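Worksheet: the structure to be examined is printed underneath.
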Amino acid sequence: MKVKLEDVAQLAGVSPTTVSRVLNNRGYISEKTREKVEQAIKDLNYYPNDIARSLFKKRTNFIGLILPTINNPFFSELALYIENICSNHEFKVILCNSLGQVAKETSYAEMLIRHQVDGIIVCSYNRGIEIYKNSKLPIVAIDHYLSPTIPVIGSDNYEGGRLAVQHLLNQGCKEIIHINGPSELETPTQNRRKAYEDQVAHPITYELNSVFDEEATAETIKKIFKEHPETDGIFASDDLIASTCLKVANELGIQVPNQLKVVGYDGTLSVRSLLPHLTTIKQPIEEIAQSAVLRLMDIINEVNKDERMEIILPVQLLENGTAELNG
């Protein structure tokens, strides 16, 4: 039998209104009364109705988080930090994986709005989702331009690209190829590609139609070696692509770093543990999560502590073994 608020009130010998005030921490309650109510709640194993409380408070304390996939170490680590930071602010997170599908992301966004989440953090790369532009719900984007009115949090993608390419050049690479996602994506991560193109005399970029298909990525890398056998450096736009480069190079008998040097991007804890020899650009993932959550909290609470529409955080080159002269 479901325990009701009235049952708690009867056991504690107080009115239901008093129980409600204790649960919501509103108004003056004597310590003795509070203890009686809390003991009754414990004895009856009573759990408050969060839906009713959210209607009363006009807040659900839920945040929506839309990612392309948690199968990518960057997004899974980002989700970990966002959930932990939200928890510290007494917010719960509803995680949604769009898998690069516009219809799926739209459906998730509509679901989050229907469930009256207090805000949404969006870190996906689908285009043309009008619901973000039209919604009055607090929204913060990570590495994606959704609307001129939605703040964007990210790292310094141009500087990251510059550091990666400059390192390959310093290591003696002459024929550097860049592997990136589709160029039509409206995301600051395209600045990695721009930095590459600004530093290389004859830039060649291979675009992946999907960043979620390892087999297709491997085929693209094999195509690079077939069409450009002189390639001696690859700047990959994320560490999963870089790891696939290393795998394909090994299969083809190409020695890294003697014949080919590879620089990745993201520098997550999991990749650094599994591929400690990978030279990569480390993003400040925890700081990105922190900035996104705090910016969203400011919007939810209607506090304008930071009115910047774009926050760019610094990156770091991690020199390991896949792009060093004596690696």
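The values are calculated or read from the model by the stated rules, or taken from the named source; none is laboratory data. On a predicted model such as this, the values are computed, not experimentally measured, just so you know. Virtual Cβ from ideal backbone geometry, glycine too; neighbours counted across all protein chains shown. Side chains included, ligands, DNA and RNA excluded: accessible areas come from the protein's heavy atoms. Shrake-Rupley method; radii C 1.70, N 1.55, O 1.52, S 1.80 Å.
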Expected sort for 283-294, 151-162 on mean C-beta neighbours within 10 Å, highest first, is 151-162, 283-294
With a ≥ b ≥ c from the Cα gyration tensor eigenvalues, square-rooted, and the rule rounded for a/c under 1.5, otherwise prolate when a/b > b/c and oblate otherwise, the stretch 1-112 is prolate
Calc'd 3J(HN,Hα), the stretch 247-252, phi into Karplus 6.51 cos²θ - 1.76 cosθ + 1.60 (θ = phi - 60°), Hz, glycine/Pro = x, comes to 5, 5, 4, 5, 5, 8
Rounded to a whole %, the carbon-and-sulfur portion of the accessible area of the chain at a 1.4 Å probe is 49 percent
Dividing the mean separation of Cα pairs under 8 Å (6+ apart) by the residue count of the stretch 247-287 yields a relative contact order in percent of 34 percent
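Rounded to the nearest 500, what is the chain's calculated 222 nm mean residue ellipticity when only DSSP H runs of at least 4 contribute -39500 (n - 2.57) each, over all residues? Provide the component values of the computation, followed by the final result.
Details: 13 runs with 146 residues, N = 327.
Using -39500 (n - 2.57) per qualifying helix, the result is -13500 deg cm²/dmol.
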Expressed in square angstrom to the nearest 10, the accessible area of Met111 with a 1.4 Å probe stands at 40 Å²
Ratio for the stretch 157-284, C-alpha Rg to 2.2 N^0.38 Å, reads 0.95
Restricting to aspartates and glutamates and to Cα separations under 19 Å from Lys42, and discarding same-chain partners fewer than 8 apart, the set is Glu6, Asp7, Glu31, Asp50
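Using a 1.4 angstrom probe, figure out how much accessible area the stretch 157-284 has per residue, in square angstrom, rounded to the nearest whole. Each step should come with its number before you reach the end.
Numbers: 5710 Å² over 128 residues.
Heavy-atom accessible area per residue stands at 45 Å².
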Straight-line reach check, Lys282, cutoff 18 Å on alpha carbons, 8 or more apart in-chain or any other chain, hits among aspartates and glutamates -> Glu77, Asp143, Asp156, Glu159, Asp238, Asp239, Asp266, Glu319, Glu324
From the Cα centre of the stretch 63-83 to that of the stretch 249-327, the distance in Å is 14 Å
GNM of the chain, Cα pairs under 10 angstrom: of Leu252, Leu278, Leu80, the biggest fluctuation goes to Leu252
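Among bridges DSSP assigns within the chain, what percent are antiparallel (round to 5)?
Numbers: 3 of 37 bridges.
Counting DSSP beta bridges with both partners in the chain, the antiparallel share is about 10 percent.
Report relative contact order for the stretch 5-48 in percent, whole number only (criteria: Cα-Cα under 8 Å, sequence separation at least 6).
Working: 35 pairs, mean separation 19.6, N = 44.
It rounds to 44 percent for the stretch 5-48.
How many percent of the alpha carbon pairs in the chain exceed a separation of 28 Å?
Numbers: 26739 of 53301 pairs.
Everything past 28 Å amounts to 50 percent.
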Counting only residues 5 or more apart in sequence or on a different chain, those whose built amide H sits under 5 Å from that of Gly181 are Leu208
The value for the stretch 5-48 (convex hull of the alpha-carbon atoms, volume per residue, Å³) is 57 Å³
Excluding residues fewer than 8 positions from Lys223 in its own chain, the lysines with Cα under 16 Å of it are Lys247
